[in-house]
């Protein structure tokens with residue numbers, strides 16, 4: 001009667017101790033947080049006396065995992081960006097034209113002359129002057145297709161080529177598009193991560209969502225404007241030869257040229273050769289600096305191949321202007337004074353210090369392969385977050401106290417057992433949350449409060465059952481045993497259904513809803529554990545010690 | 001002496017007026033649905049896109065002044081409301097400004113936010129934005145779709161679970177009670193026009209879980225009593241089961257309610273709608289598990305032969321030692 005095997009008792013108390021052990025750091029939140037930050041800083045930049053002192057605030061042998069606070073509690077910025085994957089298709093097709101032209105040139109006798117036709121950006125239209133040579137043209141252009149390298153696209157090639165009348169229409173195959181999307185999004189993710197790391201904030205979350213979306217959460221940032229300036233800029237840097245300049249934005253550019261506006265002067269336009277001499281991809285370093293007039297500027301250095309191209313070009317074109325183009329805008333167009341051999345240079349423009357610093361970060365991290373659209377954007381100020389934490393804390397304490405008092409008044413001594421179990425339950429819940437590194441959000445706190453209310457349910461079921469069994473007068477020990485036994489199926493069914501909904505919430509939900517699902521789901525698991533096993537052990541211990549003839553529940 | 005919310009050994013008749021209760025619930029559901037279709041829900045930006053800004057200022061909120069200040073920006077539909085909470089001091093005045101989703105823009109731009117701040121600072125010079133949330137129409141459409149799917153999935157999963165654990169009549173009874181709770185909750189949100197956002201969906205699903213929890217505990221007892229009292233009339237069995245579990249039903253609802261009331265009063269205004277949804281849900285959930293689920297079960301009828309096939313007879317291993 002009311003016996004539990006020794007090993008079971010050890011396991012139960014062991015789990016309780018483990019839960020409390022892992023929950024412990026949360027009781028000293030600021031201290032542990034400073035310790036963690038200091039440890040990370042020491043790893044990164046070496047130790048200083050100050051960092052060592054901060055690290056010593058929390059003993060190293062204790063666990064230091066904390067429940068992360070969500071953006072709604074800590075304050076910060078949240079952005080959901082969609083990568084314009086289709087942008088990349090267009091530029092891919094653009095670069096295909098010279099290849100098509102060169103491939104068809106030797107076949108001039110059968111296909112005649114070839115001309116690029118205007119078309120929507122997702123296809124390449126080429127007109128041949130001898131429609132009867134279409135067969136041959138198709139064969140040649142299809143020969144340019146490459147096999148797609150991806151798991152899903154195995155066996156297919158990247159181009160689809162069709163002939164309509166005298167026009168060849170080249171489009172990208174579905175498999176190639178998918179493979180390109182994948183590459184584009186991965187590359188964007190990597191570049192965003194590098195850019196944010198360069199700015200250096202605590203624990204940013206940068207996750208891919210779905211096929212073409214990226215979720216960025218940065219705690220402690222006051223506005224998304226700053227964040228968007230960092231990640232929203234494509235930062236495509238090119239160095240292009242200047243053909244001419246004027247004030248007409250619709251100036252005839254000529255084949256292979258383009259007209260771009262000047263960034264620093266309203267109404268000024270440059271005509272540039274489209275093919276760049278060097279691009280930002282060949283940069284190895286960029287640093288903010290000041291030019292000889294003391295204005296903010298950015299210093300850059302090319303890799304060896306970039307340096308060679310840059311050096312050769314400057315040697316051959318002394319005296320001509322040369323445009324530095326960033327995201328379709330000419331930042332500056334200096335005249336080449338001399339041969340620049342070392343592969344380093346300086347970009348001047350109308351920068352503020354902040355802009356030059358940002359530009360340096362962007363150039364170092366590399367250009368985004370495609371532009372981003374921001375679909376969702378949330379900024380929570382740190383004060384609001386702190387208010388929510390404070391309110392949540394007070395509410396939790398009051399809610400807990402009310403439930404504890406209520407249980408004691410209703411069930412007396414047994415209520416005390418249930419209350420101890422409830423406190424253990426909360427500690428274990430925090431322990432598990434810390435262990436898995438979960439994020440606590442405001443709805444998450446509500447989930448905990450709800451758990452507090454519902455956690456007693458299992459015990460209420462058991463105690464009510466014991467009361468009933470006592471009425472049929474089988475003696476206290478038997479009544480307790482039967483109470484636990486018969487309440488079991490109701491407890492299991494009731495909690496499993498709640499777990500089902502928590503799982504669905506977790507899978508389908510996002511952000512704060514997910515945080516709520518985690519605390520609710522874990523709360524159910526820990527509350528059933530403490531209610532069934534822990535209170536039972538406590539009651540058994542009490543019962544063996546006192547051997548009461550009658551009990552009141 | 002112990003506190004007793006429900007006296008011991010109650011034998012209240014819960015089915016004498018079951019038609020009345022079902023009728024009331026039916027009418028309430030119709031009212032809720034009419035309200036939903038006529039008035040609609042006050043969707044938050046999660047579901048219809050747009051921007052909400054929480055402003056804080058030491059000056060009292062001047063809704064008209066704010067509106068006039070924003071007029072020249074031509075933002076379309078703008079709604080401004082003051083937020084009250086007992087924890088705010090006299091120099092902490094909060095307003096929520098909601099702006100409809102702008103054309104050809106997904107999320108709000110930084111420049112637009114700055115323009116808004118400048119426009120508002122003509123009315124309240126010290127105004128600051130405690131939070132700015134913006135959701136593009138593309139995402140909001142998906143969010144509402146996911147939310148509906150989540151609620152339907154939860155109900156479906158639970159239907160299957162109870163069907164497996166009990167009988168189909170129980171499953172249908174529980175799920176109808178559940179639909180009742182969800183419909184009434186949506187009805188209240190439509191009637192009172194509280195902001196309906198993603199968090200409310202979480203609350204709805206919690207209500208689904210909680211209401212079931214209650215219903216399942218009663219059904220579990222019904223199953224037990226069906227085995228115990230083989231000859232008793234079904235109505236009697238149901239009534240006994242509800243009476244036996246009544247004390248627990250009230251007790252658990254009350255502790256949960258206590259916790260939620262604390263959260264409602266002290267948890268701050270950000271979460272109040274969410275907590276309100278749960279409080280209401282627990283109220284109707286408790287009601288429906290006592291008055292609706294079992295009354296439906298009575299109308300469906302259940303199988304009365306709950307004797308399990310004897311494990312030792314009839315299967316291929318039973319006579320192994322014989």
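The values are calculated or read from the model by the stated rules, or taken from the named source; none is laboratory data. The structure presented is a predicted model; accordingly, all values stated were derived computationally and were not measured. Cβ atoms come from the backbone with ideal geometry, glycine included; neighbour counts cover every protein chain shown.
Please work out if residue B:140 is at pLDDT 85 or above and facing another protein chain (nearest Cβ under 9 Å). For residue B:140, the condition - at pLDDT 85 or above and facing another protein chain (nearest Cβ under 9 Å) - is not met.
When you check residue B:172 against the structure, is it in the same structural domain as residue B:223 (by TED's automatic domain parsing) and in contact (Cβ under 8 Å) with a residue 12 or more places away in the chain, yes or no? Yes, satisfied.
Reported count of residues in segment B:146-156, each being modelled with pLDDT of 85 or more and surrounded by fewer than 16 Cβ atoms within 10 Å (Cβ to Cβ), is 3.
Segment A:453-553 holds helices (runs of 4 or more DSSP H) entirely within its bounds, and those carrying 2 or more residues that are within 12 Å of chain B (Cβ to nearest Cβ) and modelled with pLDDT under 90 map to A:476-508, A:512-529. From the set of residues in segment B:99-109 that are more than 15 Å from residue B:139 (Cβ to Cβ) and buried (at least 18 other Cβ atoms within 10 Å of the Cβ), which is farthest from the other protein chains (Cβ to nearest Cβ)? Ranking the candidates gives B:99 first.
Scanning segment A:263-298 for residues that are touching a residue at least 40 places away in the same chain (Cβ under 8 Å), surrounded by fewer than 19 Cβ atoms within 10 Å (Cβ to Cβ) and in a strand (DSSP E or B) yields A:279, A:285, A:287, A:288, A:289. Test residue A:429 against the criterion of being at pLDDT 90 or above, part of a helix (DSSP H, G or I), buried (at least 22 other Cβ atoms within 10 Å of the Cβ) and under 28 Å from the mean Cα position of the chain (by Cα), and give yes or no. For residue A:429, the condition - at pLDDT 90 or above, part of a helix (DSSP H, G or I), buried (at least 22 other Cβ atoms within 10 Å of the Cβ) and under 28 Å from the mean Cα position of the chain (by Cα) - is met. Count of segment A:368-385 residues, restricted to those that are more than 7 Å from chain B (Cβ to nearest Cβ) and outside any helix (DSSP H, G or I), is 5.
State which residue is nearest to residue A:376 (Cα to Cα) when the search covers only segment B:111-136 and only residues that are surrounded by fewer than 18 Cβ atoms within 10 Å (Cβ to Cβ) and within 9 Å of another protein chain (Cβ to nearest Cβ). Checked segment B:111-136; the qualifying residue nearest to residue A:376 (Cα to Cα) is B:111.
Summed over segment A:158-192, the residues that are in a strand (DSSP E or B) and over 30 Å from the mean Cα position of the chain (by Cα) give a count of 11.
For the residues A:415, A:349, the requirement of being crowded, with 19+ Cβ neighbours inside 10 Å and away from chain B (no Cβ under 14 Å) singles out A:349.
Is it the case that residue A:122 is under 35 Å from the mean Cα position of the chain (by Cα) and either within 16 Å of residue A:161 (Cβ to Cβ) or not assigned by TED's automatic domain parsing to the domain that holds residue A:144 (or both)? Here the answer is yes, as residue A:122 does meet what is asked. Applying the selection to segment B:14-44, what residues are surrounded by 13 or more Cβ atoms within 10 Å (Cβ to Cβ) and more than 28 Å from residue B:143 (Cβ to Cβ)? Answer for segment B:14-44, where residues must be surrounded by 13 or more Cβ atoms within 10 Å (Cβ to Cβ) and more than 28 Å from residue B:143 (Cβ to Cβ): B:14, B:15, B:17, B:18, B:21, B:22, B:24, B:25, B:28. Total residues in segment B:1-38 satisfying the condition of being within 14 Å of another protein chain (Cβ to nearest Cβ) and either in a helix (DSSP H, G or I) or more than 18 Å from residue B:241 (Cα to Cα) (or both): the figure is 4.
Within this structure, residue A:363 passes the test of being at pLDDT below 85, crowded, with 17+ Cβ neighbours inside 10 Å and either closer than 21 Å to residue A:241 by Cα or assigned by TED's automatic domain parsing to the domain that holds residue A:443 (or both).
Residues being exposed (fewer than 15 other Cβ atoms within 10 Å of the Cβ), more than 14 Å from chain B (Cβ to nearest Cβ) and outside any loop (DSSP other than H, G, I, E, B) are entirely absent from segment A:214-234. Of all residues in segment A:67-99, those that are within 22 Å of residue A:179 (Cα to Cα) and more than 14 Å from chain B (Cβ to nearest Cβ) total 14. One residue is enough: does segment A:435-445 have a residue meeting the conditions surrounded by 24 or more Cβ atoms within 10 Å (Cβ to Cβ), more than 21 Å from residue A:467 (Cα to Cα) and facing chain B (nearest Cβ under 7 Å)? Checked segment A:435-445: at least one residue is surrounded by 24 or more Cβ atoms within 10 Å (Cβ to Cβ), more than 21 Å from residue A:467 (Cα to Cα) and facing chain B (nearest Cβ under 7 Å).
Within segment B:55-92, the set of residues being within 19 Å of residue B:272 (Cβ to Cβ) and out of contact with any helix residue (DSSP H, G or I) (no Cβ under 7 Å at 6 or more places or on another chain) comprises B:56, B:61, B:79, B:81, B:84, B:86, B:88, B:89, B:92. From the set of residues in segment A:386-404 that are more than 9 Å from chain B (Cβ to nearest Cβ) and either surrounded by 23 or more Cβ atoms within 10 Å (Cβ to Cβ) or without any contact (Cβ under 8 Å) to a residue 60 or more places away in the chain (or both), which is nearest to residue A:459 (Cα to Cα)? Across segment A:386-404, the extreme among qualifying residues is A:404.
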